[in-house]
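Novice: Here it is, the structure, as C-alpha cells.
Please treat every number below as a calculation from the coordinates, not as lab data. Predicted model, so just to flag it, every value in this text is computed and none were measured. Cβ coordinates were reconstructed from backbone atoms using ideal geometry, including for glycine residues, and neighbour counts include every protein chain displayed.
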C-alpha cells in the first residue's frame, strides 16, 4: 500500500509539473465566432496554461487578452494583434456591424488595451493593429524569441 501511495504521489507530482509548464502558442489566428473563442479561452484560463503570442492574433482571437490572466500572456517580437468591430451577415449577405457584440467584445479587454483602442477611434469595421513597442509596453516579452525564430521557415537567398 505504501509503495502504491508513493507511486501515485510521484505521478501526481509529475502531472502537476507538466501542467504548470504547459504553453499555448498563437501564431496565425485570424479569429472567428466570438462564442467559440470565449469557450476556448475559458478552458485555457481554467487550465492555468501560459500563452505565447508569436504572430497574428486577430478579431475574436484577441479575446485571449481578457480571458487569460495578464501574467500568463507574453508576446514575441512577431506578435501582432488585430482589432475591429464585431459583425454579422446582413439580409443582403453583407457584413453589418453588431453594436451590442462590439460593446461586449470591447468590455472583455483589459483597461490598457481599451485605452489603446479608444485612442485610435474605437472598434470600427477597419482593422487596427497593436504590435511592436506599443504591444511590448503592455505585455511581458517571451524569452523564446530565439527558439521561435529557429522554428520558423527560413527564407532562401
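Novice: Take segment 22-150, drop everything but the C-alpha atoms, weight them equally and run the Debye formula without solvent; then report log10 I(q)/I(0) at 0.15, 0.16 Å⁻¹ to two decimals.
Specialist: Log10 of I(q)/I(0), two decimals: -0.68, -0.77.
Novice: Can you give me the distance in nm between label points at residue 46 and residue 133, each placed 7 Å from the Cα along the Cα-to-Cβ direction?
Specialist: Going from the residue 46 label point to the residue 133 one covers 4.2 nm.
Novice: Can you tell me the length gained on complete extension of the stretch residue 126 to residue 111, counting 0.36 nm per residue apart and subtracting the Cα distance?
Specialist: My answer for the length gained is 3.3 nm.
Novice: Report the calculated FRET efficiency for residue 94 and residue 143 (r = Cβ-Cβ distance, R0 = 35 Å), to the nearest 0.05.
Specialist: My answer for the efficiency is 0.20.
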